[in-house]
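Structure, as structure tokens:
The values are calculated or read from the model by the stated rules, or taken from the named source; none is laboratory data. What you are looking at is a predicted structure, and each value in this text was computed from that prediction instead of being measured. Cβ: placed from backbone, ideal geometry, glycine included. Neighbour counts: every protein chain shown. Side chains are part of the model used for accessible areas, which takes the heavy atoms of the whole protein and leaves out ligands, DNA and RNA. Shrake-Rupley method; radii C 1.70, N 1.55, O 1.52, S 1.80 Å.
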Amino acid sequence: MTALIKVFSSWKLIWITTALTLMTFVLSICWVVFMISRIPEDYFLNPDRDPFKHHPLYVRLPLAGFKNALGLLLTLAGIIMLFTPGQGILTIVMGVAIMDFPGKRSLEILLLRQKKISQSLNWIRRRKGLSDILIP
């Protein structure tokens, strides 16, 4: 009887894991498409872009912390998606684009100059009726 329970538990775990994998796959695609469509076409041409500059410091610091935590989470999820189903490279690019760290701009430009990455980003933007991202 206990062997039957163990087998049932194993199959139940497999189904739950499969369902979670499929759900994260679909959500990652939706999230990446949403984020790519929110990027202004000249985002990478303007190095001094600060979306929080009009907020006071006590609001700006928590927002920047949240933004960096979200970017780190997306980057780590993208690295995991390189080995599991999902949009790994695009998720990494989006995570890096969200974060603020020294050398970010040069890393973004390096990634965007990869032909496959820029083609993927611009393909998604064209499907949403947006113009291509301008790459310096």
- Message: I need to check one value: relative contact order of segment 32-132, counting alpha carbon pairs closer than 8 Å and at least 6 residues apart, in percent.
- Response: 29 percent
- Item | Rounded if a/c under 1.5, otherwise prolate or oblate - segment 67-136, Cα gyration tensor axes | oblate
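Under 25 °C and 0.890 mPa s, how fast does the chain diffuse according to Stokes-Einstein, given a Kirkwood radius computed over C-alpha pairs? Answer in µm²/s, whole number.
In µm²/s, the coefficient rounds to 145.
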- Query: Taking the Cβ-Cβ separation of ARG38 and LYS115 as r and a Förster radius of 30 Å, what is the calculated FRET efficiency to the nearest 0.05?
  - Reply: 0.85
- Message: Run the reach check for LYS53 against lysines, Cα to Cα strictly under 28 Å, same-chain hits fewer than 8 apart removed. What comes back?
- Response: LYS67, LYS104
- Query: Which value, in Å² and to the nearest 10, is the accessible area of GLU41 when all protein chains are kept and the probe is 1.4 Å?
  - Reply: 80 Å²
- What accessible area per residue comes out for the chain, rounded to a whole number of Å², with a 1.4 Å probe? 69 Å²
- Task: Evaluate the distance, in nm, between pseudo-label points positioned 7 Å from the Cα of ALA69 and of THR84 along their respective Cα→Cβ axes.
- Result: 2.1 nm
- Message: Helix-only mean residue ellipticity at 222 nm, the chain, DSSP H runs n ≥ 4 weighted -39,500 (n - 2.57), per residue, nearest 500. What is it?
- Response: -24000 deg cm²/dmol
- Spin-label model distance (nm) - ILE16 vs HIS55, 7 Å beyond Cα toward Cβ: 3.6 nm
